[in-house]
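Every number here is computed from the coordinates shown, using simple stated rules; none is lab data. Not measured: the values here are computed from a predicted model. Positions of Cβ are backbone-derived with ideal geometry, glycine not excepted, and every protein chain shown enters the neighbour counts.
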Amino acid sequence: MNKQEIVAVLSDATKNDWLFKEADRIRREYVGDEVHLRGLIEFSNICKRACKYCGLRSPNKNVERYRILKDEILVYAKKAVSMGYRTIVLQSGEDEFYDTDKMCEIIRELKKHDIALTLSIGEKTYEEFKAFKKEGADRYLLRIETTDKNLYNQMHPNASYENRVKCLYDLKSLGYETGTGCLVGLPNQTIDSLADDILFFKELNADMVGIGPFIPHNETPLKDEKQGDFWLALKVMALTRIILPDINIPATTAMETLNPNGRIIALQSGANVVMPNVTSREYRAKYEIYPGKICINENPEQCRGCIEAKIQSIGRTVSKDKGFRNTKKESD
Ligand code: SAM
Ligand code: SF4
Ligand code: FES
């Protein structure tokens, strides 16, 4: 599909049913019916950046900040492994407390388990990415957020679009399974730029793509803006499946926040991954990137049971393997 065709599909509501069915068919053909669960540990909500949409931005003083230290991270990981998770995702704000040495130590300990490890800890230098890879990190998630450079610069004070792109190519060149993605519904975002986002995923040859609707947070400069449209986010996701047929695509938490059945709808429109939270309840509400986040009153066992039942209710199964894009790596 070229850009014109992508724009045409995104702009035409009469194509929605065709698009979702086609993405579902391609998902089944290329990655099968198994759903990969990734156990998410949100280990710090401290962030030095000031992304205008995010509740964790540093200027927000109305959030109780926390850090989970190595030993406690290991407890959650061990529990996740015992519940059958084969991937752990470590996510945080850009928190300089976890310097290269501290992160390497955490990675080393986590990789003693037979799991794939994903990092989602923001922009780092090439040397840092290299050090994490050497310790055994397998994957990295860093959304480009938007490929509209002007919009990117408006949304990210004191940050550089070029550096975001450089990080993604550095991750690719270091052999990470590289995940990216975008927000849908940012103020002044156009359909044209969403089409560019999809083409960017293709150009990068992203291994994973997470698409989330923008949800305004009261303690941010975007508090009075309109929230993103669930269906438009779903369309961007479905088109991504058609254009990159064999990648991993999560049914995102933000989608379920806007639609009570959002993750199941996403799993039936191209997605094949879900990322349940595996940390204890005490931290969940504090990792408030946007309001209304799901699962803040549940514990890891409840989430695991809940999501497994949902997956089974649509005739799909939870995968028992690590769920790399390139399945050859499974025997490594
Ligand atoms: N700090 C790391 C980073 O930014 O890459 C990882 C954590 S960050 C909270 C993870 C993702 O949350 C971001 O990539 C962004 O797309 C999403 N996010 C932040 N604020 C959001 C909002 N208001 N609505 C929807 N998604 C949001
Ligand atoms: Fe920090 Fe990530 Fe939120 Fe930006 S999106 S403020 S980098 S946690
Ligand atoms: Fe957490 Fe359903 S996945 S309650």
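Just a few scattered comments:
- Restricting attention to the stretch 116-154, the residues being in contact with a strand residue (DSSP E or B) (Cβ under 8 Å, 6 or more places away or on another chain) and part of a helix (DSSP H, G or I) number 3.
- Qualifying residues in the stretch 271-285 (those that are more than 16 Å from ligand 2 (Cβ to nearest atom) and buried (at least 22 other Cβ atoms within 10 Å of the Cβ)) - the one farthest from ALA238 (Cα to Cα): VAL278
- Boolean, THR178 is within 15 Å of ligand 2 (Cβ to nearest atom) and under 30 Å from LYS21 (Cα atoms): no
- LYS112 over 21 Å from the mean Cα position of the chain (by Cα), under 23 Å from ASN45 (Cβ atoms) and surrounded by fewer than 16 Cβ atoms within 10 Å (Cβ to Cβ): no
- The residue pairs whose first member lies in the stretch 295-313 and is touching a residue at least 60 places away in the same chain (Cβ under 8 Å), whose second member is within 16 Å of ligand 2 (Cβ to nearest atom) and of a type in the set (Val, Ile, Thr), and whose beta carbons are closer than 9 Å, counting only pairs six or more residues apart or on different chains, are PRO300/THR279.
- For GLU288, the criteria (1) surrounded by 14 or more Cβ atoms within 10 Å (Cβ to Cβ); (2) away from ligand 1 (no atom under 16 Å from the Cβ); (3) among the acidic types (Asp, Glu) hold in every case but one, which is (2).
- Count of the stretch 71-94 residues which are away from ligand 1 (no atom under 16 Å from the Cβ) and of a type in the set (Asp, Glu): 2
- In the stretch 70-102, the residue that is surrounded by the most Cβ atoms within 10 Å (Cβ to Cβ) out of those that are within 16 Å of ligand 2 (Cβ to nearest atom) and more than 19 Å from the chain's Cα centre (by Cα) is TYR98.
- Looking only at residues of the stretch 198-208 that are assigned to a loop (DSSP other than H, G, I, E, B) and more than 14 Å from ligand 1 (Cβ to nearest atom), we find that the one that is surrounded by the most Cβ atoms within 10 Å (Cβ to Cβ) is ASP207.
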